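What follows is calculated from the coordinates using simple rules that are stated; it is not laboratory data. The structure displayed is predicted, hence computed values, not measured ones. Using ideal geometry, Cβ is built from the backbone for each residue, glycine included, and neighbour counts are taken over all protein chains shown.
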Amino acid sequence: MIVIPAIDIKGGKVVRLSQGEFSRQTTYSDSPLDTAKRWESAGVGIIHIVDLDGAQKGVLRNLDIVSRIAKCVKPKIELGGGIRDEDTIRRALDAGVDKVVIGTKALDDKFLSSVSGEFKGNIIVGIDARDGLVHTKGWVFKTDITAVDLAKRVGSAGIRTINYTDILRDGMLEGPNIDSLKELISQTRLDIVAAGGISSIEDVIKLKALGLEGLKGIIIGKALYEGKLDLAEAIEICKL
C-alpha cells in the first residue's frame, strides 16, 4: 500500500474543498510547485493533482502549472479534472503527466474502451461517490449508478486501477469509509486507491491492518495541509 499526497489546484493556488463543495474552499498555498517539492522531500513516489477549474469547466485550465511541476520534481504525476477526450489525454501526457484520471467520461463505455486501448497503462478511473452513488462534473451531478456497478464496467473495459473517493468523508477529517472500501474491493477485485476522510496516522495504520489485497494505496489531502499527520511517517508505515 502506497501513500499519495494530493494537490488540488484552483485559480493557480493549492486549495481543499469540504465534501466536494466549491463554496467550502480553503486556500493553503499560492504555489503548487512549492507544495509538490515539499511532498517530494518526504519521499513520495506519486503526487495526485486535481485541476478543480478543469473539473468545473470540463477542460483543463492549469496544465501549464502541472507541466512545470512534472519537470521540476521526481515523483510521478497523476492528473485529473476536466479530462474528457483523447486530445486532452495526449496533451497531459505530452506535458509530463504519467497517468490521467478519468472521472465524468468514465460513464461512457465506448470512450472507456477506446482510451484503454490507445493509452493502456496511462489511465486511472476516478469514482467519486456520495451514499454509494456516483457523482460527476466536479462532484456536482448525482447519477443513479452505484460505485460498484461503475467499477465493474471499468474492469470490463480493461482498466485495472480506480481512485475511489467517498465524497461525504472528503475534507472532513472524520476517517475513511471502510465498509464501502471493503464492498468495492470484494465486488470488483480491481486495484483500489482510497481517498476521503483519512485524518491521522491511526487511520493509516487501520487501513494497512485491514490487509485488503485490492487496496493498493491511499490519497491524503487535508490532513497533510492541516498538520494532522506526518507524510514521511505514513509512508514508512505503509512500507511495513
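Descriptive notes on the structure:
- Any chance Leu79 is at negative phi, among the hydrophobic types (A, V, I, L, M, F, W, C) and surrounded by fewer than 20 Cβ atoms within 10 Å (Cβ to Cβ): no
- Qualifying residue in the range 27-34 (condition: under 20 Å from Lys137 (Cα atoms), out of contact with any Cys (no Cβ under 8 Å at 6 or more places or on another chain) and free of Cβ contacts under 8 Å to residues at least 60 places away in the same chain): no
- One residue from Asp87, Asp94, Asp98 being free of Cβ contacts under 8 Å to residues at least 60 places away in the same chain, surrounded by fewer than 22 Cβ atoms within 10 Å (Cβ to Cβ) and within 16 Å of the chain's Cα centre (by Cα): Asp98
- Some residue of the range 19-32 being assigned to a helix (DSSP H, G or I), closer than 25 Å to Arg84 by Cα and more than 15 Å from the chain's Cα centre (by Cα): yes
- Scanning the range 40-62 for residues that are surrounded by fewer than 23 Cβ atoms within 10 Å (Cβ to Cβ), assigned to a helix (DSSP H, G or I) and not small (Gly, Ala, Ser) turns up Glu40, Asp53, Gln56, Lys57.
- Residue, farthest from Ile9 (Cα to Cα), within the range 135-154, restricted to residues that are hydroxyl-bearing (Ser, Thr, Tyr) and over 17 Å from the mean Cα position of the chain (by Cα): Thr146
- Qualifying strands (runs of 3 or more DSSP E) (wholly inside the range 86-177; at least 2 residues being hydrophobic (A, V, I, L, M, F, W, C) and out of contact with any His (no Cβ under 9 Å at 6 or more places or on another chain)): 99-102, 123-130, 133-136
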